[in-house]
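Each remark here refers to the structure printed beneath this line.
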Amino acid sequence: MQAAPPTPMDHAARLPRLRDSLEREGLPGLVVAGLANIRYLTGFTGSAGLLFVLRDKALLLTDGRYSTQAEEQLGGLDVDIEIGLSAAERTRLGRRIVEGSRVGRLGLEAAHVTWAAQQDFAREWFPQVELIPAVGLVEGLRMSKDPGEIDRIARAAAVADAALAEARALLAGGLTEAELALALDTAMRRLGADGPAFDTIVAAGTNAAEPHHRPSHRSIGEGEPVVLDFGAAVDGYRSDMTRTVWVGDLATPELRRAVAVVAESQAAGVAAVADGVAGAEVDRACRAVIAAAGWGDRFVHGTGHGVGLDIHEAPSVAATSTDTLHRGHVVTVEPGVYLPGVGGVRIEDTVVVTEAGCRPLTMTPKDL
Ligand code: ZN
Ligand code: ZN
């Protein structure tokens, strides 16, 4: 939807950084099994594949559906491509790649293989090497977004802003939650999104007391809080935004107070975000405002999460987080108050961490 061409992606810079991480871990190689990790490292968007990253070579092993696509997407990168048409052929190819590399140990992305796959890798693919469960190596690199990635997340956020500006006009028309969710999703696609970043949440009235309510066929009435939590995906990168809106005046003073408290909490959280600040510290900033209002036990989830190729990724912005925020991280700040039988309020922005603070990427005003 933005006229300027997207900032080019710098895939070529990523494999050397992964090799540095492998060096630090004492791993001579890594089998990357997570599809978002493969996409991050190579740009490959197929739904199946394994990326072998060794000291002196990298190789994508995928199947016959993706031979043309892999050639196109990996063009210019120093990554070889092998196509295995059958499972047996892929096993043979994988085994040959690792035998040829002469490594004795091989990292395997533990969070991205099933137990069955691990057994298969250990017995059939790589019986000759020691498989080491590797966790979070590529995800650690993905925390810091480069300009190409930030540009795409900003575009996804702009699409969501524009979709809400359109869909707002429908709010007073007595639509159901599901109809409003569909209107948002359709607008995002029309405005250039790959699709929604995740299943759009529209929660009206007492349903708004459930943080992850599924849109139902309940009509939206006047004076009810309506929690809209949605985002777009653009070129694989996601945005995440929540606004709480209503038609007419909010029905009860308690809900009006909840809106004011959550807005203040969310602003305090955004103000706390900066390079070098702990994720837990941002959570504390949000929680302190809500606790002071007497609703500490009604803020029932963490404050936020990283956003990128996945809708939930590192770093974590929660009380239990051990992550520190750094320049180039993209995170959400999304406190909420949930009052069973009454309703709920959540406000969320996606922000990019800067040296001195942060820059919001979701721009829709909060005083809708
Ligand atoms: Zn959200
Ligand atoms: Zn979120």
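Some notes on this structure:
- Loop-resident GluC sites (Glu not before Pro) (DSSP state other than H, G, I, E or B) in region 271-368 with no more than 14 further Cβ atoms inside 10 Å of their Cβ: E355.
- Shape of region 231-325, Cα gyration tensor, a/c cut at 1.5: oblate
- Prolate/oblate/rounded label for region 198-272 (Cα gyration tensor, a/c 1.5): oblate
- Here the chain yields Rg over Rh of 1.03, to two decimals, using C-alpha coordinates and the Kirkwood radius.
- Taking the convex hull of the alpha carbon positions in region 73-203 and averaging its projected area over all directions gives 12.3 nm².
- 0 to 90° range, to nearest 10: angle between helix 177-190 axis and the chain longest Cα axis: 50 degrees
- Between 0 and 90°, nearest 10: helix 279-292 axis offset from the chain longest Cα axis: 20 degrees
- Overall, the anisotropy analysis places region 147-278 in the oblate class: the square-rooted eigenvalues a ≥ b ≥ c of its C-alpha gyration tensor yield a/c not less than 1.5, with a/b not exceeding b/c.
- Accessible-area rank, largest first, for C358, C286: C358, C286, with all protein chains present and a 1.4 angstrom probe.
- Counting DSSP beta bridges with both ends in the chain, the antiparallel % (nearest 5): 80 percent
- Sites listed here are trypsin sites (Lys or Arg not before Pro) in region 83-146 whose DSSP assignment is loop and whose Cβ has at most 10 other Cβ atoms within 10 Å: R102.
- Mean separation of Cα pairs under 8 Å and 6 or more residues apart, divided by the residue count, gives the chain a relative contact order of 14 percent.
- Distance from region 309-364 to region 192-219 (C-alpha centre basis), Å: 18 Å
- Neighbour net charge for V129 - beta-carbon separation under 11 angstrom, K R +1, D E -1: +1
- Per residue, the convex hull spanned by the Cα atoms of region 301-343 amounts to 78 cubic angstrom.
- Among residues other than L175 with Cβ under 12 Å from its Cβ, the summed charge is 0 (Lys and Arg +1, Asp and Glu -1).
- Heavy atoms of L191: accessible area, 1.4 Å probe, square angstrom to 10: 40 Å²
- A Förster radius of 30 Å combined with the Cβ-Cβ distance from A260 to H301 puts the calculated FRET efficiency at roughly 0.90.
The values are calculated or read from the model by the stated rules, or taken from the named source; none is laboratory data. Worth saying up front: this structure is predicted, and the values here are computed from it rather than measured. All Cβ positions, even for glycine, are placed from backbone atoms using ideal geometry, and neighbour counts span all protein chains on display. The area values use the complete protein model at the heavy-atom level, side chains included, leaving out ligands, DNA and RNA. Shrake-Rupley method; radii C 1.70, N 1.55, O 1.52, S 1.80 Å.
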